[in-house]
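*Asks:* The structure is given below, and queries will be raised subsequently.
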C-alpha cells in the first residue's frame, strides 16, 4: 500500500529552538556529579589564573611603562632615570626572531613536505619524525649549551664574537639565531605536516590527472593549500623564540646594548652580541642584578602584549582558514 | 516458503511470554532456515561470455583496451578486459561496489600507478600508442579526469582553469594569451555565464555543482581526447546532476567520455554504451538499450533489474 504525499505546505506552526528537556544532574551518580563539579572548577580556575597574570602584569606595566623606555637605549648609570630604556633589547628580540624563523622556515617546510609527500623508505621517515620530536623535547637550556659547544669551535669563529687573543666566545646573533631556529622548528614542522595530511588525496590526484608532476603539484596546489597552516606554524615559532631566555643568556652574550663585531656593516651586528626583552627582564628583576624592577615590569608587559598579539594572530588565521575552505587548521596547539 | 516456516507465530509468541519454554507436548515450531537453492549470482556459461562483443561505433576509436588485467598486491581487481572507446559516445561502467570499475577507469590515465602495490597486464592503446610508452604527464593531459568530490584548487576560478594550460609549456604564458582559452573551456563546461563577472573569485566560494563544472572546465581546457569521470554527480544535488548530465551529452561530440556510476538510472540517461563489470570481469558490453532491455548475461539482467548490488 502506498500513500500519496501531496506537495508540502509551508510550515505554519512555530519552530522550536534550543535543546529539549535533558536529564538533571540530580539523578546522576555522586562520582559523576563530583567529576562535573571538578571540570567546572578547573576550567574556571584556569581562567582566573590567566586573568590574574594579565591583570597584574598589565597593572604593573601601565604603572611603569613610559613611551620613552621604548625608544631609548640602555645606558650605564647609577639612578633609575640615567639607565635608559630597552630599545636595544626590543631590536634584539626582533632580529633574533627574524634570524630564527629565516632558518627554521625552509627547514620545517621541506622536512614536512618530505614526510607528507615522499616519506620513503618508511623507516627513514620514522627516524626523521622522532628526531624532530627529540628536538622538540629537548630543554632550551640544553640546546643552548650544545650551541655554545658548537659555536666555540674554531671552525665557526667567523660567526661569533672573537676575543683579541683569538679565543672564540661562540656568542652572537648568528649563533643564538641558529639555535632559536631549533626551538621554532617543531611547531612549524608539525603545523605544515598536519596541514598537508589534511589535504584530501583526490586533490593531489586531480593535479596529477591534469598531467602535472609531483613537484608542480606541491608548488602550485599543496603549498597554497597549507599557506595558513604555515602561517600558524610561523606564529607559534615566533612566540616561542620571543619567549625564550636560556639561549639568549648563553649564546647572545647578554650585553644590554647591541655590540658589533668586525667592520662589515650588517654582518657586524649579526656577529655581535646583544640582549632581548626576556634577558632584559631577567637582568633587571630582583632575581638577576635586581637593579630596576620597574623596568623589568615594563619590559615584561611589552613582552606579554607581543605574545598575546601573536596568539591572537594564530587564532585569526585558523578561523579565516576554516571560513574560506572548510578545512580546519590542525596542530594549532603545540 | 509458506507461513509455517516462520520461527514463531507472533500471537503465540506474545501469549507465551518471552523466556518460557514451549509447554510439554506442544508442537515445537519449525526453525526457519535460509535455503541456498542456487547461488545468488549465477555463473556465466562459457558460450555466453562470447556474447560480450563490440557494438557498432559512432566515431573514431580513441582508446583500445586489450586483455587489461589489474591486481593489487597479487589480488586481481580487473580480469582480462578488452574494450574500445570511441569519440562521440559516452561509455558507462556499471557494476556493484568492488567490481573494479573505478580501478579500470584510473588505469586509463595510469593513476593506479600511485598505488605502489598495483600491477597491470595487457595493453591500453591511445590513438594507436601504448600508454605505457607515453610520459605520464603527456598521457594525463590527453586523458583527463574528473573526480567524485568536486576538488577545485585553492586559487581563483581563472587560475584553476589556467593551471592545466600553464605548465605544459616551458614559458609561463601571459594572462592575455590564456584568457580566450580559459573562457572557451568555461563556456564548454557551461559555467561561463555564471562566473563571467568575476573570474578572480576564489574557486572554493562556488557551489558544489559549479565547482564540479569548474573541474570539468579544468579537465577539458587542454583539449584532451578522452574524459574520464568517476561518479561525477554522486556528491551533487538533483538539479546540479541534471546540469552535468546534459553537459556530458554535449561533451561527447568532441571527445570520448567514460563515466563510472553507481546510479543505473544515470547510466541509462547519459550513456550510449554500457559495460557491466562484476568481480573484476567484464560481463557485458553493448549499447545502452541492449544492456538494459535485452541483456545477454543472467548476471547483467539481475543487476539492471535490481536483484543485487
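*Asks:* Identify which of A:63, A:13, A:152 has the largest mean-square fluctuation in a Gaussian network model of chain A, with springs joining Cα atoms closer than 10 Å.
*Replies:* The residue with the greatest mean-square fluctuation here is A:13.
*Asks:* For the stretch A:1-148, what mean projected area does the convex hull of the alpha carbons give, in nm²? If you can, show how the numbers build up before the last one.
*Replies:* On the way: hull surface 102.9 nm².
For the stretch A:1-148, averaging the hull's shadow over all directions gives 25.7 nm².
*Asks:* For the stretch B:55-304, what proportion of DSSP beta bridges, expressed in % and rounded to the nearest 5, is antiparallel?
*Replies:* Once the DSSP bridges in the stretch B:55-304 are tallied, antiparallel ones form about 60 percent.
*Asks:* Give the Rg/Rh ratio for the stretch B:175-275, taking Rg as the radius of gyration of the Cα atoms and Rh as the Kirkwood radius, to two decimals. Display every interim value, and only then the final one.
*Replies:* On the way: Rg = 13.8 Å, Rh = 14.2 Å.
A ratio of 0.97.
*Asks:* Debye calculation, C-alpha points only, no solvent: report log10 I(q)/I(0) for the stretch B:149-215 at q = 0.13, 0.24, 0.27 Å⁻¹, in the same order as the q values.
*Replies:* Each listed q corresponds, in turn, to -0.32, -1.05, -1.28.
*Asks:* For the stretch A:211-299, what does the alpha-carbon gyration tensor say about shape, rounded, prolate or oblate, given a ≥ b ≥ c as the root eigenvalues, a/c under 1.5 as rounded, and a/b over b/c as prolate?
*Replies:* It comes out oblate by the Cα gyration axes.
*Asks:* Let me ask something else about it. Which value, in Å³ per residue, describes the convex hull spanned by the Cα atoms of the stretch B:118-158?
*Replies:* Expressed per residue, the convex hull around the Cα atoms of the stretch B:118-158 is 134 Å³.
*Asks:* Kirkwood Rh, the stretch A:101-154, all Cα pairs: how many Å?
*Replies:* Across the stretch A:101-154, the inverse of the average 1/r is 12.8 Å.
*Asks:* For helix A:122-137, report the angle its Cα long axis makes with the longest principal axis of the Cα atoms of chain A; keep it between 0 and 90° and round to the nearest 10°.
*Replies:* 60
*Asks:* Please grab the % of Cα pairs in the stretch B:93-211 that end up more than 17 Å from each other.
*Replies:* The share of Cα pairs beyond 17 Å in the stretch B:93-211 comes to 66 percent.
*Asks:* Treating each Cα of the stretch A:99-208 as an identical point scatterer and ignoring solvent, apply the Debye formula and state log10 I(q)/I(0) at q = 0.18 Å⁻¹.
*Replies:* Calculated log10 I(q)/I(0) at the listed q: -0.91.
*Asks:* A further question on this structure: With the Cα gyration tensor of the stretch A:65-325 in hand, convert its eigenvalues to equivalent ellipsoid semi-axes via √(5λ) and list them largest first in whole Å.
*Replies:* Each semi-axis is √(5λ); the values are 39, 22, 15 Å.
*Asks:* Based only on the alpha carbon positions, what is the Kirkwood hydrodynamic radius of the stretch B:55-304, in angstrom?
*Replies:* 18.5 Å is the Kirkwood radius here.
*Asks:* Return the single residue from A:124, A:267, A:196 with maximal mean-square fluctuation; model: Gaussian network over chain A, springs between Cα atoms under 10 Å.
*Replies:* Among A:124, A:267, A:196, the largest GNM mean-square fluctuation belongs to A:124.
*Asks:* How tilted is helix A:30-64 with respect to the longest principal axis of chain A? Cα atoms for both, answer in degrees (0 to 90, nearest 10).
*Replies:* Roughly 40 degrees between the two axes.
*Asks:* May I ask for the distance between the Cα centers of the stretch B:99-120 and the stretch A:1-76, given as a whole number of Å?
*Replies:* The two parts, judged by their Cα centres, are 49 Å apart.
*Asks:* For the residues A:276, B:115, what sequence is obtained by ranking on other C-beta atoms within 10 Å, fewest first? Present the calculation step by step, with values, prior to reporting the outcome.
*Replies:* Working: A:276 33, B:115 13.
Listed from fewest to most nearby Cβ atoms, that is B:115, A:276.
*Asks:* Within a 10 angstrom radius of the beta carbon, how do A:228, B:287 rank from fewest other beta carbons to most?
*Replies:* Lowest count first: B:287, A:228.
*Asks:* I would also like to ask the following. Tell me, A:87, A:38, A:252 in order of fewest to most beta-carbon neighbours within 10 Å?
*Replies:* Least to most surrounded, the residues fall as A:38, A:87, A:252.
*Asks:* Continuing with the same structure: So what's the angle, to the nearest 10 degrees on a 0 to 90 scale, between helix A:87-113 and the longest Cα principal axis of chain A?
*Replies:* With both axes taken from Cα atoms, the answer is about 50 degrees.
*Asks:* Here's something else I'd like to know. I'd like the distance between the alpha-carbon centres of the stretch B:248-300 and the stretch B:206-240, rounded to an integer number of Å.
*Replies:* Answer, in whole Å: 19.
*Asks:* Let me ask another. Could you work out the relative contact order of the stretch B:55-304? I mean the mean sequence separation of Cα pairs under 8 Å and 6+ apart, divided by the number of residues, in percent.
*Replies:* RCO, the stretch B:55-304: 28 percent.
Every number in this text was worked out from the coordinates using simple rules, so none of it is lab data. Note that the structure is predicted; figures quoted are calculated from it, not measured. Glycine gets a Cβ as well: all are built from the backbone with ideal geometry, and neighbour counts include every protein chain shown.
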